[in-house]
Amino acid sequence: MTVELVPAGEADKPVLENLLQFYLYDFSEIRGERLTPHGTFTYRYLDYYFLGDDREAWFITVDGELAGFAFVRGDLAEDWNVGEFFVLRKFRRQGVATEAARLLFTTHPGEWTLSFDHGNAPAVAFWPAVARAVAAGPVEVDDAYAHESGAPSTRLRFHVADL
């Protein structure tokens, strides 16, 4: 099984919009996301991933088949942050997410941060283990409330070495 990250460009927005529906559906169980009157979920940040050099959108593929996506953004402190990360259920529990995350972190050696909701049990188990596996040094852990959702969350900060 070959897991790859493929850059997503602005022309790929319709595909990302479709994948975001599955992602937000999964989150509806955790954060209570609501459907619009049209029966879709709203993600208001997609356009930002195509407006500057400080944001990137990636497709996750498995043996060439679309398996998910990852959004990352740079912040003012020159850290990179995982904005969104999603693997389709068909590919879960096979090491796909772990390999995709490892590939993602190695795209930008240096400081990384990511946050996950305490109510997201798979993320609670997944992200600390992945961060420890890729980190060159300690992983800082900060439990807090996410500013946007108000949900209890954990923020991880770690350094990824240049390979």
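The values are calculated or read from the model by the stated rules, or taken from the named source; none is laboratory data. All values derive from a computational prediction rather than experimental measurement. Quick reminder, even Gly has a Cβ in these numbers, built from the backbone with ideal geometry, and neighbours come from all protein chains shown.
Filter region 1-40 down to the residues that are hydroxyl-bearing (S, T, Y) and more than 17 Å from the chain's Cα centre (by Cα), then identify the one that is surrounded by the most Cβ atoms within 10 Å (Cβ to Cβ). Full working, then the answer.
Quick first cut of region 1-40, residues hydroxyl-bearing (S, T, Y) only: 2, 23, 25, 28, 36, 40.
Restricting the remaining residues to those that are more than 17 Å from the chain's Cα centre (by Cα) gives 2, 36, 40.
On the way: T2: 8, T36: 8, T40: 13.
Residue satisfying both the conditions and the ranking: T40.
Give me the pairs, please: first residue somewhere in region 50-61 and touching a residue at least 40 places away in the same chain (Cβ under 8 Å), second residue anywhere and assigned to a helix (DSSP H, G or I), beta-carbon distance under 6 Å, and either six or more positions apart or on two chains.
Sorted first by the residue in region 50-61, then by its partner, the pairs are F50/E10; A57/Y49; I60/A100.
Going residue by residue through region 130-148, is there one that turns out to be closer than 22 Å to L19 by Cα, at pLDDT 95 or above and surrounded by 18 or more Cβ atoms within 10 Å (Cβ to Cβ)?
No, region 130-148 contains no residue that is closer than 22 Å to L19 by Cα, at pLDDT 95 or above and surrounded by 18 or more Cβ atoms within 10 Å (Cβ to Cβ).
State whether one or more residues within region 113-121 are without any contact (Cβ under 8 Å) to a residue 12 or more places away in the chain and more than 12 Å from the chain's Cα centre (by Cα). Explain how you work it out, then say what you get.
So the first thing to find is which residues in region 113-121 are without any contact (Cβ under 8 Å) to a residue 12 or more places away in the chain, and the list is 121.
When the remaining residues are screened for being more than 12 Å from the chain's Cα centre (by Cα), the result is 121.
Taking every residue of region 113-121 in turn, at least one turns out to be without any contact (Cβ under 8 Å) to a residue 12 or more places away in the chain and more than 12 Å from the chain's Cα centre (by Cα).
Consider V62 carefully, then state whether it is buried (at least 18 other Cβ atoms within 10 Å of the Cβ), more than 15 Å from the chain's Cα centre (by Cα) and of a type in the set (A, V, I, L, M). Break it down into steps so the answer makes sense when it comes.
On the way: buried (at least 18 other Cβ atoms within 10 Å of the Cβ): yes; more than 15 Å from the chain's Cα centre (by Cα): yes; of a type in the set (A, V, I, L, M): yes.
Here the answer is yes, as V62 does meet what is asked.
So in region 112-125, with the set limited to residues that are surrounded by 18 or more Cβ atoms within 10 Å (Cβ to Cβ) and within 15 Å of R92 (Cβ to Cβ), which one is modelled with the highest pLDDT?
Ranking the candidates gives A123 first.
Are there strands (runs of 3 or more DSSP E) fully within region 1-99 with at least 3 residues that are modelled with pLDDT under 95 and under 21 Å from D117 (Cβ atoms)? List them.
Working: elements: 3-7, 55-62, 65-74, 80-87.
So the answer is 80-87.
I want to confirm something. Restricting to region 74-88 and keeping residues that are surrounded by fewer than 19 Cβ atoms within 10 Å (Cβ to Cβ) and touching a residue at least 40 places away in the same chain (Cβ under 8 Å), which single residue is farthest from the chain's Cα centre (by Cα)?
D79
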